[in-house]
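Below: one structure, written as structure tokens.
The values are calculated or read from the model by the stated rules, or taken from the named source; none is laboratory data. Everything numeric in this text was worked out from a predicted model, so none of it was measured. With ideal geometry, Cβ positions are generated from the backbone for all residues, glycine too; neighbour counts draw on all protein chains shown. Only protein heavy atoms, including side chains, enter the accessible area calculation; ligands, DNA and RNA are left aside. Shrake-Rupley method; radii C 1.70, N 1.55, O 1.52, S 1.80 Å.
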Number of protein chains: 4
Amino acid sequence: MAKKQQILVIGHDNAGCTAEHEKIAFETGAEIAKSNAVLVSGGLKGVMLAASRGAKEAGGITVGIIPQDEPSEANEFCDIVIPTGMGMTRDFLTALSADGIIIIGGGSGTLAEVCAAYMHKKPMVAIKNTGGIAEQYADKFLDHRNRIKIIGVDSPQEAVKKILELITA
Amino acid sequence: MAKKQQILVIGHDNAGCTAEHEKIAFETGAEIAKSNAVLVSGGLKGVMLAASRGAKEAGGITVGIIPQDEPSEANEFCDIVIPTGMGMTRDFLTALSADGIIIIGGGSGTLAEVCAAYMHKKPMVAIKNTGGIAEQYADKFLDHRNRIKIIGVDSPQEAVKKILELITA
Amino acid sequence: MAKKQQILVIGHDNAGCTAEHEKIAFETGAEIAKSNAVLVSGGLKGVMLAASRGAKEAGGITVGIIPQDEPSEANEFCDIVIPTGMGMTRDFLTALSADGIIIIGGGSGTLAEVCAAYMHKKPMVAIKNTGGIAEQYADKFLDHRNRIKIIGVDSPQEAVKKILELITA
Amino acid sequence: MAKKQQILVIGHDNAGCTAEHEKIAFETGAEIAKSNAVLVSGGLKGVMLAASRGAKEAGGITVGIIPQDEPSEANEFCDIVIPTGMGMTRDFLTALSADGIIIIGGGSGTLAEVCAAYMHKKPMVAIKNTGGIAEQYADKFLDHRNRIKIIGVDSPQEAVKKILELITA
């Protein structure tokens, strides 16, 4: 079996992504690469770009699944680009391409990915103190069905360690 | 221009849909039909079925956009069936097919539809006291961007009146 | 069971659609409406528009499944608009929404819809002497598997009669 | 720019894939890997599996874009799996993920991918004497618009050489 673990990093896109978010995303991407997993992202700006850059600089493989139909719309740190041409509906495809998910901040698009991941029973961790959806749902259940708890973690290192544990559990 | 207003009703599917939810959904569907709008739903059970039935009994037109690729999977109150064969990803298509959305209870699938609707700037109302996502987000914003408030309403009649106002505003 | 028969009409879009194609598409739409079936199309110009207009003028119901995410992109003869936001990938959704398909001329998009319809085992008829894909595949099999023959017919009236026979067979 | 050239290999799935097809697909995958390009396929059996295996044995990177929502449905020679959960509609996503396409035999699914690729103006080559769609369309145009000729080639080596020329032209 050739397939590597695929870890999806989601969160703030360009709007609202601070230098601190970028630093956390970069370190998360690097940690994923060091763990020999593949970094999957939405392939655009903000957390997506910073995580991809972190993974590339640590020698990893990166995949960007983008809303547009032109591969050139992806950021320059994606080895492999999957142009879906499906607009925001691509948020469901990113979730499906994940063995596990790490959340850093995030708005409505991030929440859509979390919903998709939940429906497909994917493990999720949220890095605390990053605001947005990560903050709102860390250590909580997404809905009244209480099926999958989104585990709150304190650092990129803990995030990758925890998600790999959950994936292989 | 032939196009009618298309109102999407979302909420509890079979799991967790009580007789009270069904009554509210039925009345919402009937009210939509009386307003000469088209009832759009996810075409399956629970709130989707009850709303479609309400619309049909009031002489309206109903559309069911389903996850499966076989039209026969839709409930028997759908005049027109759109089988997407896309699984839960169809939640994004239901949102795109709405001019406005009415929320009755609901779990993770409903929340995904709300996220999609929000990203596409669709007006939304939530019927209060129906639990789930409707309750959690009534009179709130979905995320930190505070772009579209989900308006809380008290009854099916108020829901349809309000959503038609928001659509034509 | 509320569901009506849904007949998809596909073929030349604006490019290459002659007055003769429009006349044939208009009559096909009208014939579908008179048969109490729903006319489904890709919702844009050319054969799609002419067939929708024919169905509307004969008092029928029309559905347009469009590539864009804005309903206003559909032609003005669609009662119900399904905006997919999926670009040309919507050609697979139009095929899935058909109980049977009528082909009038057509290019690569039409052929994609024919492939999708074939894979989902939908009956198809092609109006002869309309050029393009209809001409190329009338009374032929799509591929070497020889599963579904695309039946050649001579007129809109024969097309609708034949496709309804095949659907209910 | 990190992105590598992504070459999609399409053709006979399990049904109809002979030992000769497998040999040609294996060599095509190996040639892609030696050219430092990424092998993209539909991730299942037949030509898809043989090409992925060829690329893996030559040290390349392989991507499988599959119809199912479970990554485990992909063949064991895919490094990266994109589960779309979209059934046959995934044929459009494979085409979008290609910078260029190589066709080996093939039936209706292959033809759907060719249509999608054509609509998105992707270069294509067909290996002659492999039957099916490759044979039917080698050195021909897909439709009456005559926009992109599918170039016929005689061997896996020539196929990869030619497609890389066309991609960078």
For residues that are in contact with a Leu (Cβ under 7 Å, 6 or more places away or on another chain) and under 21 Å from A:T84 (Cβ atoms), scanning just region A:1-40, find the one that is surrounded by the fewest Cβ atoms within 10 Å (Cβ to Cβ).
A:D13
Taking the residues in region D:62-74 that are away from chain C (no Cβ under 14 Å), in a loop (DSSP other than H, G, I, E, B) and surrounded by fewer than 24 Cβ atoms within 10 Å (Cβ to Cβ) as candidates, determine which candidate is nearest to the chain's Cα centre (by Cα).
D:Q68
Read through the list (1) surrounded by 24 or more Cβ atoms within 10 Å (Cβ to Cβ); (2) away from chain A (no Cβ under 14 Å); (3) in contact with a Leu (Cβ under 9 Å, 6 or more places away or on another chain); (4) aliphatic (A, V, I, L, M), then give the number of the only condition that B:L93 fails.
(2)
Boolean, D:G59 is more than 7 Å from every other protein chain (Cβ to nearest Cβ) and either part of a strand (DSSP E or B) or at positive phi (or both)
yes
Residues that are in contact (Cβ under 8 Å) with a residue 24 or more places away in the chain and not small (G, A, S), drawn from region A:116-128:
A:Y118, A:H120, A:K121, A:K122, A:P123, A:M124, A:V125, A:I127, A:K128
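Residue-by-condition table, conditions (1) closer than 21 Å to A:D69 by Cβ; (2) out of contact with any helix residue (DSSP H, G or I) (no Cβ under 6 Å at 6 or more places or on another chain):
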site	(1), (2)
D:G109	yes, no
D:K122	yes, yes
D:Q136	no, yes
D:H144	no, no
D:K149	no, yes
Kindly provide the set of residues from region A:96-119 that are open to solvent by 10 Å² or more (accessible area, probe 1.4 Å) and more than 7 Å from chain B (Cβ to nearest Cβ), ordered by number.
A:D99, A:E113
Could you list all residues from region A:138-160 that are more than 14 Å from chain B (Cβ to nearest Cβ) and among the charged types (D, E, K, R)?
A:D139, A:D154, A:E158
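Of all residues being in a loop (DSSP other than H, G, I, E, B) and of a type outside the set (K, R) in region A:41-56, which is surrounded by the fewest Cβ atoms within 10 Å (Cβ to Cβ)? Just the residue, please.
Filtering first and then ranking leaves A:L44.
For every residue, the table says whether it meets (1) of a type outside the set (G, A, S); (2) more than 14 Å from chain A (Cβ to nearest Cβ); (3) under 16 Å from D:E113 (Cα atoms).
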| position | (1), (2), (3) |
| --- | --- |
| D:A2 | no, no, no |
| D:Q5 | yes, no, no |
| D:L8 | yes, no, yes |
| D:G11 | no, yes, yes |
| D:G16 | no, yes, no |
| D:A19 | no, yes, no |
| D:F26 | yes, yes, no |
| D:N36 | yes, no, no |
| D:G42 | no, no, yes |
Out of the residues in region D:125-137 that are within 12 Å of another protein chain (Cβ to nearest Cβ) and crowded, with 22+ Cβ neighbours inside 10 Å, which is nearest to C:M88 (Cα to Cα)?
D:I133
When region D:97-115 is examined, which residues are found to be free of Cβ contacts under 8 Å to residues at least 60 places away in the same chain and small (G, A, S)?
D:S108, D:A112
Before we move on, is C:V125 at pLDDT 95 or above and either of a type in the set (S, T, Y) or closer than 25 Å to D:H144 by Cα (or both)?
yes
